[in-house]
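Structure, as structure tokens:
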Amino acid sequence: MDEPSKELTKEEFERYSVMCGLAIDEVMTSINSLNEEEKYLRGRTLYDEAKNRVKTFESTATKLEQKGLPKSIEAVESGIHDVAGVRIITFTISDVYNLYEILRKHPKFEEYKEPKDYIKEPKENGYSSFHMFIKVRISFDGMIRSIPVEIQIRTLVMDVWAKIHHRLVYQNTKKAPNVSSETEKTQEFLKRAKGLRDFDIKINGWVPKNTSRLT
């Protein structure tokens, strides 16, 4: 019989988060190199901006609970795919898919999980983005480890939408769920959000598969 997993400790998570940081460094170095190469060879860039983060201990523990997973380092490593996260902001929707094709064929990355395409199939609240899941090999403490990294690729317009939605809906639901003025702002944003997405589609000349969630 297998031994039960130990309760997740901050020390264990800190060790894992250092490894996640190293994996992110590999990703950032690679995408920056790709961008410089594209700029030199073709006079354009693959993306506008790239950001990264490692989830906090508290945020990871909350996600384990939400997913019904045991609070152990084993569950973190096998069940939480976005402890290490990179977000890439592109100019157009076609840039999103072009960058995905480049990254999934990159020799340093192993795509281990099917991507989630919230551009063709937006979430019910209107959220749009493309999420891919890779593993990156790193050397740590004398061992080679494969660390999962989630890469979100979205356009500038999608990023603006997500930031405003996070501020008006997510944060206010947590901090001030009963404030009527904030609720009115949220409703106004959701009403006008379709216009942002329509603009993104129009300037790209692209039509999503599922338009029913945009109304």
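What follows is calculated from the coordinates using simple rules that are stated; it is not laboratory data. As the structure is a prediction and not an experimental result, all values here were calculated from the model. Please note: Cβ atoms are built from the backbone with ideal geometry, for glycine as well, and neighbour counts cover all protein chains shown.
Annotations for the structure displayed:
- Neighbour counts of other Cβ atoms within 10 Å put MET28, MET132, MET158, MET143 in the fewest-to-most order MET143, MET28, MET132, MET158.
- Note on LEU41, LEU99: ascending count of other Cβ atoms within 10 Å places them as LEU41, LEU99, the fewest first.
- Computed E for ARG15/LYS67 - FRET, C-beta separation, R0 30 angstrom, nearest 0.05: 0.90
- Charged neighbours of GLU38, selected by a Cβ distance under 11 Å, balance to 0 (K, R count +1; D, E count -1).
- Loop-located trypsin sites (Lys or Arg not before Pro) in segment 1-63 (DSSP state other than H, G, I, E, B) with a sparse environment of at most 15 neighbouring Cβ atoms within 10 Å: LYS6, ARG44.
- Taken along the Cα-to-beta-carbon direction at a fixed 7 Å, the label points for LYS120 and GLU58 span 3.9 nm.
- Student exercise, segment 10-156 dipole from Lys, Arg, Asp, Glu Cβ charges, in Debye to nearest 20: 160
- Ranked list, fewest to most other Cβ atoms within 10 Å of each Cβ, for SER139, SER59: SER139, SER59
- PHE140 paired with ASP25, simple spin-label distance in nm, labels 7 Å along Cα-to-beta-carbon: 1.2
- Taking a straight line from the alpha carbon of LYS116, these aspartates and glutamates sit under 18 Å away, with near neighbours fewer than eight places off in the same chain left out: ASP82, ASP95, GLU101, GLU124, GLU150, ASP159.
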